[in-house]
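To start, the structure under review is shown below, and the notes come after it.
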Amino acid sequence: MNFGDKLYSFYKRHDTAILRVLAMTVYCLCLPILTEWVVRGSFTEALGWVSDRPAAYLFTSVFFYFLTFFFFTLMRRIDFPILIVSVIAFGLGAASYFKSSYRSEPLYPWDLGIVSEAADISSEMDLTPTTAMLTAGAIILAVFALLLALHIVFFKKQIFRKHPRTKKRNIQLATQIFVSLSVLVCYTLFVLNNTAIMTAFGITESAFRQPQAYRRNGFVQSFIMNTKYILPEKPDEYSSNSVSEAVSSVKDYSNSETGNVKPNIIYLMSESYADISLCENVTYHDNIFVATDHLKKHYVSGTLLGAQFGGGTCNSEFEVLTGFSMSYLPAGCTPYQQYFNTETVSYPRFLKELGYTTVAIHSYGRQFWNRDVAYPNMGFDKFLAEESFVDPLRRRGLIKDDELVAKIIEEYEANLPSGKPFFNFSVSMQNHGSFTDGQYLENYRVNLSCDELTDEQEGILITYATGIRDANIALDKLINYFSSVSEPTIICMFGDHLGSLGGSDEIYIKSGYMGDPEESAEEASKKYTTPFFIWDNFTTLNFTADKMSFYQLIPSICNWYNLDRPAFFDYLLEQQDYFRGAALGTYLDADGNASYELPAAAQEYYDKHKLLQYDLMFGKGYSEKELYTHTAQTTSVKTE
C-alpha cells in the first residue's frame, strides 16, 4: 500500500474527527474578524487589524479554538460549541462597542461584576444594533444552522448513537474534559498573559491608554490580558519598614496647631457638570451660570482632572472622599463595587471621629454603584436615596436638582438639635446622560446658538446646557439658604465628569470647548476636567486654584480653610509641591500643567502615594493609625 492509499485509509477511519477539526479551525480563524467587526463597526478596519497585527490575530484564533474544543469535549459535537463561543464573543464585543460609544473606553473584565448598574444605564443609551452586529449575527446563525444540518444529514449515527456508560468510557471522557480545560487555562495564563511572550510578538500593554491598546491588540487579546489586573499588584517595596519610613516623612511635614473652626461642610457633586462657558463658539442668550459666575469672581474656584468621561461617577467620588488615586488601580475598575465591601478609611469616617454627623444623599437608586454598601463602610451615619424623596419634581424622568438641595437643607435642620457639625456629601442626577434633542419643553430649555454645530448637535448641547443651568439655580438656592445661617459653613460644588454628547468628541471640539485631543496632553486633559466652586461664610478667600486631581480637592480645602484633616492629607499637600495629580497617564506638574511625562522630581512622591494607598486599601494597614485617624494636623489658611 502506497502513501496515498494509507492516507486515504486513515481519512476513512477518522473522517468525522478530521471534518470536525477542520470546521473548528476554519471558523476559529474567522471568529476574531467577526468579533473585531462588531467592536469596531467597520469590516475594513477589522481586516486592517488582521493585516497590521497578524500575531494578535493568530493568538486570538488559537484561544477561540481551545475554548471551542473544551465545549466540544463536554457536548461531543461542534455545532453548539461553536454557537456558544460565538455568542460569548459577540455579546462581549457588542457590550464593548456600546460602552465605548457612551464612555470612550472599552469593556474590561471587572465590568462583568456590575451587570445591574449596566442594566440601569442601558435604558438611557442608544442600543440600536449596528449593521456590523446584524450582519455578524446573521453569519453566526447561518454557520450554526449549516453545521446542525450537516450533523443531521451526515453524522446522524454519531449523534444519536448511545455509547455504553462503562467505567472506562467515563474515565476517558473525564480525562478529555480535564485535558482540554487544562490546555485552555494554561494557554490563557502562561501564553496570552505572559508579558515576555506577548512583547516578543509586538503585543504590548498600555494601562493608561486602554482604548488604543484594545484597537492595537484586538478586543479579545486585550480583554484577556487585563484579567491579571483584577486585583492591584503589590508594590515590590511594600513592607512594614518601607511604610514606616514613608509615614515618618509625612508626619514631619505638618507641625502647626489645630484650627478652632469646625464648620458645616457640604459637598455637592453635580452630575455631568462641565464649565461650558468655555465653549468659544457658542453664544448663550440666557444667563445660565447664575451661581458659578458669582463664585468665580468672589470666592474660590478651580478645575479637577479625573479618570472619567461620560460615566463612572462613583470613581470620581471615590477619589474625593479618600484621597486615593485611580491611577494605582486597574483601568476602568470600580472601587465601590470591588474593594469597599468592608469597613475602610475615608474622610467621612475621619469627620465622624471628630464628632460630625455624616450624611450622604443621592437622588437615584440606593444600590446604584453599590453605594448602599460602600457608604456605611466609609463612615456615613445615614444614606438617603431616591426612595427618601416624597413626590419629587422630575426633569427627563430624573429627580430635579432643586429637590436634592431641599433634601440637604432638610437634613441640616434635622441635625440642629444634636449640636453636632454637619457633613454632607450629595450626588445629583438630573443631568445624567444620555442627551438628545427635545428632552426639555421648548419654553423651558436654554436658548443658545452655535454656527459650527448641526441642528441635531445644537439640540444635544441645549439639553446638556439646560441641566447645567438648573444645577446653577439649585446651587444658588443652597447658598442663599446658608447665607442666613450663623454657623460657619463651607459649600463646594464640583462636576463628576463631562457628559458624553452624541457619542464622540465632535460637539466639544466644534463648540470650541477643546481642541483635538491628539494634539497635546493639555487638550486631551480637557475631556477629563471639571470645575469646582466654593462658597463659605467665615473667610474672605478669593482666588482661582491651579488644576489638580480629584483626590487633591479635600486636602486643599482643608488647607485653605484651616480644617482638621487626617495626616494622609498632609502627604498629599506636600505632593503638590512636585505634582498636582495624575489620571490615565496624564500628569499635572506643580503649576497644574498637563503632560504625559511625570516630572522627575515627582517620582518619589508618586511612588510613595502608591505605596501608602496600597497599604491602606489592600495591605496590612501599617499606616492607618498614623495617617487616617484624628491627629488634628492643619496649617494656616492659604491663599493663591
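Of all the listed residues (Glu522, Glu487, Glu574, Glu518), the sole one being closer than 21 Å to Ala246 by Cβ and open to solvent by 10 Å² or more (accessible area, probe 1.4 Å) is Glu574. Within region 500-513, the set of residues being modelled with pLDDT of 95 or more and open to solvent by less than 10 Å² (accessible area, probe 1.4 Å) comprises Ile507, Tyr508, Ser511.
Scanning region 45-58 for residues that are in a helix (DSSP H, G or I), under 14 Å from Ile33 (Cβ atoms) and touching a residue at least 60 places away in the same chain (Cβ under 8 Å) yields Trp49, Ala56, Tyr57. Can you work out which of the residues in region 244-303 that are among the basic types (Lys, Arg) and at pLDDT 90 or above is most open to solvent (accessible area, probe 1.4 Å)? If we take residues in region 244-303 being among the basic types (Lys, Arg) and at pLDDT 90 or above, then Lys297 is most open to solvent (accessible area, probe 1.4 Å). Contact map, region 322-336: first residue touching a residue at least 60 places away in the same chain (Cβ under 8 Å) and on the phi < 0 side of the Ramachandran plot, second residue of a type in the set (A, V, I, L, M) and open to solvent by less than 10 Å² (accessible area, probe 1.4 Å), Cβ cut-off under 6 Å, separation 6 or more or different chains; pairs are Ser327/Ala582. Total residues in region 389-431 satisfying the condition of being small (Gly, Ala, Ser), farther than 27 Å from Val261 by Cβ and loosely packed, with under 15 Cβ neighbours inside 10 Å: the figure is 1. If the condition is being in contact with a helix residue (DSSP H, G or I) (Cβ under 7 Å, 6 or more places away or on another chain), among the aromatic types (Phe, Trp, Tyr) and open to solvent by 10 Å² or more (accessible area, probe 1.4 Å), then region 525-553 contributes only Trp535. Of all residues being small (Gly, Ala, Ser) and touching a Lys or Arg at 6+ places or on another chain (Cβ under 7 Å) in region 575-597, which is farthest from Gly302 (Cα to Cα)? Just the residue, please. That would be Gly585. None of Asn443, Asn480, Asn424, Asn472 is assigned to a helix (DSSP H, G or I) and over 24 Å from Tyr528 (Cα atoms) except Asn480.
Among the residues of region 198-251, those identified as small (Gly, Ala, Ser) and assigned to a helix (DSSP H, G or I) are Ala200, Ala213, Ser222, Ser240, Ser242, Ser244, Ala246, Ser248, Ser249. Exactly one residue out of Ala524, Ala471 is closer than 19 Å to Gly310 by Cα and either at pLDDT 95 or above or of a type in the set (Lys, Arg) (or both), and it is Ala471.
Could you go through region 68-91 and let me know if any residue there is on the phi < 0 side of the Ramachandran plot, among the acidic types (Asp, Glu) and not in a helix (DSSP H, G or I). No, region 68-91 has no match at all. Listed by position, the helices (runs of 4 or more DSSP H) enclosed by region 305-386 that each have at least 3 residues that are open to solvent by 10 Å² or more (accessible area, probe 1.4 Å) and not basic (Lys, Arg) are 371-377.
Scoring Ala583 on the criteria (1) under 29 Å from Thr629 (Cβ atoms); (2) among the hydrophobic types (A, V, I, L, M, F, W, C); (3) surrounded by fewer than 21 Cβ atoms within 10 Å (Cβ to Cβ) leaves a single failure, condition (3). Scanning region 432-472 for residues that are β-branched (Val, Ile, Thr) and surrounded by fewer than 17 Cβ atoms within 10 Å (Cβ to Cβ), we see that the one that is farthest from the chain's Cα centre (by Cα) is Thr454.
Pairing each residue of region 172-199 that is in contact (Cβ under 8 Å) with a residue 12 or more places away in the chain with any residue that is surrounded by 12 or more Cβ atoms within 10 Å (Cβ to Cβ) and not in a helix (DSSP H, G or I), provided the two are 6+ apart or on different chains, yields C-beta distances under 8 Å for Met198/Thr204; Met198/Glu205. Looking across region 586-601, just one residue is under 22 Å from the mean Cα position of the chain (by Cα) and open to solvent by 50 Å² or more (accessible area, probe 1.4 Å), and that is Tyr596. Taken across region 602-624, residues that are farther than 25 Å from Leu231 by Cβ and assigned to a helix (DSSP H, G or I) do occur, with at least one present.
Within region 585-612, the set of residues being in contact with an Asp or Glu (Cβ under 9 Å, 6 or more places away or on another chain) and at positive phi comprises just one member, Gly592. In region 532-543, the condition of being in a strand (DSSP E or B), modelled with pLDDT of 95 or more, over 17 Å from Tyr267 (Cα atoms) and more than 26 Å from the chain's Cα centre (by Cα) is met by at least one residue. For the residues Arg371, Arg366, the requirement of being at pLDDT below 95, in contact with a His (Cβ under 9 Å, 6 or more places away or on another chain) and of a type in the set (Lys, Arg) singles out Arg371.
Leu181 satisfies every condition listed in (1) open to solvent by less than 50 Å² (accessible area, probe 1.4 Å); (2) of a type outside the set (D, E, K, R); (3) modelled with pLDDT of 90 or more except (1). Criterion first (in contact with a helix residue (DSSP H, G or I) (Cβ under 9 Å, 6 or more places away or on another chain) and open to solvent by less than 10 Å² (accessible area, probe 1.4 Å)) does Ser556 satisfy it? When the stated conditions are applied, Ser556 passes them.
Residue check: is Lys620 farther than 27 Å from Lys352 by Cβ, basic (Lys, Arg) and under 27 Å from the mean Cα position of the chain (by Cα)? No.
The values are calculated or read from the model by the stated rules, or taken from the named source; none is laboratory data. Quantities reported herein were computed from a predicted structural model and do not represent experimental measurements. Cβ atoms come from the backbone with ideal geometry, glycine included; neighbour counts cover every protein chain shown. Side chains included, ligands, DNA and RNA excluded: accessible areas come from the protein's heavy atoms. Shrake-Rupley method; radii C 1.70, N 1.55, O 1.52, S 1.80 Å.
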